[in-house]
1. Towards the positive end of the charge dipole of the chain, with charges on Cβ (+1 Lys, Arg; -1 Asp, Glu), say which of L6, L156, N123 has the farthest Cα.
2. For every other residue with a beta carbon closer than 11 angstrom to the beta carbon of N61, add +1 if it is Lys or Arg and -1 if Asp or Glu, then tell me the sum.
3. Return the calculated 222 nm mean residue ellipticity for the chain, to the nearest 500 deg cm²/dmol, obtained by summing -39500 (n - 2.57) across DSSP H runs with n ≥ 4 and dividing by the residue count.
4. Relative to the Cα centre, what is the charge dipole magnitude of the stretch 73-156, using +1 at the beta carbon of each Lys and Arg, -1 at the beta carbon of each Asp and Glu, and rounding to the nearest 20 debye?
5. Note the count of lysine pairs whose C-alpha atoms are less than 17 angstrom apart in the stretch 75-156, limited to pairs 8 or more residues apart or on different chains.
6. How big is the charge dipole of the chain about its Cα centre, in debye rounded to the nearest 20, if each Lys and Arg gets +1 on its Cβ and each Asp and Glu gets -1 on its Cβ?
7. Taking springs between alpha-carbon atoms closer than 10 angstrom, which of N123, N143, N13 fluctuates most in the Gaussian network model of the chain?
8. Counting other beta carbons within 10 Å of each Cβ, put E78, E54, E60 in order, fewest first.
Amino acid sequence: MSKSQLFVKYHWNQIIVVFVLAVAAVTLNVANDEGWLKKKTGGAVLGETASSGEQKNEKENNQAVMAYQVALKKELGEYLSQRAGLENDPEKWLQLINDSQTKILGLGVPNEYKDLHLKVVTNLDLEEAGVRENDGDKKESANDVWGKILKQFFWLNN
């Protein structure tokens, strides 16, 4: 046997181990760079559960949506119930519209409900114009829009 054959025969197992370790090291580097391996407890401090920023943002957004729904439901419910008794008193009705509009415009609006918010505010404007001008068509139109809003966003009725 030649020296090279003896060398290979003698060191064969060591060569295989080194090769396997090299392949494993390259694989781990690639996996780590591409994000295949992520720490599940990264960022956990003193018993806090680990969650990514995306999960926190989603949770905050859900809380904002719930807070908006509750606040808008309360304000619209109060407005619509008080409005029913003020059809013969335009001054109080206008004051109620302005107060309600101020409260509704002060709400923090999540992206999901920007269209609803716009509909509510523009309908309050339409109703205000109808009351101010004593225009029955505008009042009726605003009343129809309230019906559509309450039908489309069922949670405002519950």
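1. Going by the Cα projections, it comes out as L6.
2. Values: positive: K56, K59; negative: E54, E58, E60, E112.
Surrounding charge for N61 is -2.
3. On the way: 5 runs with 115 residues, N = 158.
So the helix-based figure for the chain works out to -25500 deg cm²/dmol.
4. Details: 12 positive and 16 negative charges, 78 e Å.
Result for the stretch 73-156 is approximately 380 debye, rounded to the nearest 20.
5. 11
6. Using only the charged Cβ atoms, the result is roughly 1460 debye.
7. Sorting by GNM fluctuation, first place goes to N13.
8. Numbers: E78 14, E54 8, E60 11.
Lowest count first: E54, E60, E78.
Rule-based calculations on the coordinates, nothing more; no lab input. All values reported here derive from a predicted model rather than from experimental measurement. Here Cβ is always computed from backbone atoms with ideal geometry, including for glycine, and neighbour counts include all displayed protein chains.
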